[in-house]
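To keep things clear, I will list the structure first and then write my remarks on it.
The values are calculated or read from the model by the stated rules, or taken from the named source; none is laboratory data. Values in this document were obtained by computation on a predicted structure and should not be read as measured data. A quick note on method: Cβ atoms are made from the backbone with ideal geometry, for glycine too, and the neighbour counts reach across all protein chains shown.
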């Protein structure tokens, strides 16, 4: 808000804000000041989703009837970011449906290209709870935990033995010091704590059913307990369907039986990261927000969907999406 008042254009990481009111306030101030405000909904810039949207809106599979979309977080990613990590507590940060999956609500809305109307959500924290702590486990993995060697969430296994997910540790340049540095971090930070003994409250499984205008429906599932990552998408149309995994998809035409495959060599977020930055620089240089597909005007609806999903999940009811 202060940056907008000072005349800056702003590129916001998602979520826009953990507060629906703040999201709307930023939108209103962006309109009032005339500044460009964009959101890092990078999937909109990924060639995979761009091509999917093009086919869906061109009639290649007839009229779009429904979609299924899966975000497999991966069991290690879940333990790292949403059990031990910075986003483990929704009250201190933001609900996981926004922190992790506003990308997915946004890409569903963008591809279907119709307003969302109603949403229903279910999910909770089932596994990473104190009552599920195994016998012999300890407060920290390095405290002599008796089941550490067999635990898939062992901090010693993930960070020290496998040396993965280390970007949070500000590693020293001297690689000979890495081992001691990691062990010190496991003794002093949340990353060394038992996943069953954290102050976490983020759901480890979450599903949303969404009704869009024109009676188009979508189902979204965010799952922690997978051995793989990478979003999966299924689109069902009146004259064909599409099945994809963010690197490739296959379109089947019901009329001819022909199958058409599309592939890409992917980088981060399906190629969207670099393309967003390139479009942002051009938009700022030319002062033309039309060069961006994720301006705050376009991206705010998926945030409102996320807040509505949390309301639905907590109050056990279908919630209307009001823009």
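What number of residues in the range 305-320 are surrounded by fewer than 20 Cβ atoms within 10 Å (Cβ to Cβ) and either touching a helix residue (DSSP H, G or I) at 6+ places or on another chain (Cβ under 7 Å) or not in a helix (DSSP H, G or I) (or both)?
Of the residues in the range 305-320, 5 are surrounded by fewer than 20 Cβ atoms within 10 Å (Cβ to Cβ) and either touching a helix residue (DSSP H, G or I) at 6+ places or on another chain (Cβ under 7 Å) or not in a helix (DSSP H, G or I) (or both).
Of the residues 299, 219, which single one is surrounded by fewer than 20 Cβ atoms within 10 Å (Cβ to Cβ) and touching a strand residue (DSSP E or B) at 6+ places or on another chain (Cβ under 9 Å)?
219
Here are some residues: 207, 242, 158. Which one is modelled with pLDDT of 95 or more, in a helix (DSSP H, G or I) and surrounded by 16 or more Cβ atoms within 10 Å (Cβ to Cβ)?
Result: 158 is the single residue among 207, 242, 158 that is modelled with pLDDT of 95 or more, in a helix (DSSP H, G or I) and surrounded by 16 or more Cβ atoms within 10 Å (Cβ to Cβ).
Could you grab me the full set of residues in the range 98-124 that are buried (at least 17 other Cβ atoms within 10 Å of the Cβ) and farther than 26 Å from residue 40 by Cβ?
Of everything in the range 98-124, just one residue is buried (at least 17 other Cβ atoms within 10 Å of the Cβ) and farther than 26 Å from residue 40 by Cβ, namely 120.
Among the residues of the range 128-141, are any within 25 Å of residue 247 (Cβ to Cβ), outside the structural domain of residue 14 (by TED's automatic domain parsing) and touching a residue at least 40 places away in the same chain (Cβ under 8 Å)?
Taking every residue of the range 128-141 in turn, none turns out to be within 25 Å of residue 247 (Cβ to Cβ), outside the structural domain of residue 14 (by TED's automatic domain parsing) and touching a residue at least 40 places away in the same chain (Cβ under 8 Å).
Looking only at residues in the range 31-54 that are surrounded by 21 or more Cβ atoms within 10 Å (Cβ to Cβ) and farther than 17 Å from residue 291 by Cβ, which one is nearest to the chain's Cα centre (by Cα)?
43
I want to confirm something. Restricting to the range 135-146 and keeping residues that are surrounded by 15 or more Cβ atoms within 10 Å (Cβ to Cβ) and in a loop (DSSP other than H, G, I, E, B), which single residue is nearest to the chain's Cα centre (by Cα)?
141
Across the range 216-231, what is the number of residues that are within 23 Å of residue 65 (Cβ to Cβ) and at pLDDT below 95?
The total comes to 1.
Determine, yes or no, whether residue 168 is surrounded by fewer than 19 Cβ atoms within 10 Å (Cβ to Cβ) and in the same structural domain as residue 114 (by TED's automatic domain parsing).
No: the conditions fail for residue 168.
Looking at the range 35-67 only, could you name the residues that are out of contact with any strand residue (DSSP E or B) (no Cβ under 9 Å at 6 or more places or on another chain), within 24 Å of residue 278 (Cβ to Cβ) and at pLDDT 95 or above?
53
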